[in-house]
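Nothing in this text is a laboratory measurement; each read-out follows from the coordinates by a stated rule. This structure is a prediction, so every number in the text was calculated from the model and none was measured. So basically every Cβ, Gly included, is an ideal-geometry build from the backbone, and we count neighbours across all protein chains shown.
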Amino acid sequence: MAKLAVKIGSLLFCPDCGTLLNLPQDGESEVLCEQCGHEEPASSYENIEIITHSHPDAFPSPLRQKRKTQTKVHDANEAMLKVTEQCSKCGHMEAYTHEAQLRSADEGSTIFYTCVKCKFGWRVNN
Ligand SMILES: [Zn+2]
Ligand SMILES: [Zn+2]
């Protein structure tokens, strides 16, 4: 069974290498990781679509305002920690880090890094 992207706020990261995935283009059924070729089904983006531009008329405006500020930027920034870590691709010294949730403790934990500058991703197993 294929692994699915790691979601941090409204951003999706490749489960294999941690690279920040692009949004699917219109009509595309999957998004290809530029780095390792992982195929992420476009359906993974459905929740994000719903949160960011869902039926605006379904909510009264104060609530709509609230939903708007809560999603995208805010959540993503809170969930992503910026650390000093050198990107092996462009040499930039800042990377976002996030730890993957693995099902069993036996698998240990995997920390993903994503370069702030070029979005190159890599992972470190503990
Ligand atoms: Zn990848
Ligand atoms: Zn980089």
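Observations, loosely collected:
- Between Glu99 and Asn22, the simple spin-label model (points 7 angstrom out along Cα→Cβ) gives 3.3 nm.
- Listing Cys118, Cys14 from fewest to most neighbouring C-beta atoms within 10 Å gives Cys118, Cys14.
- Among the listed pairs Lys7/Lys119; Lys3/Lys89; Lys3/Lys117; Lys3/Lys82, a Cα-Cα separation exceeding 20 Å is found for Lys3/Lys89; Lys3/Lys117; Lys3/Lys82.
- Potential extension, Glu46-Val124 segment - 0.36 nm per residue separation minus Cα distance: 25.2 nm
- Estimated inter-spin distance, Leu81 and Glu34, nm [label 7 Å along Cα→Cβ]: 2.7
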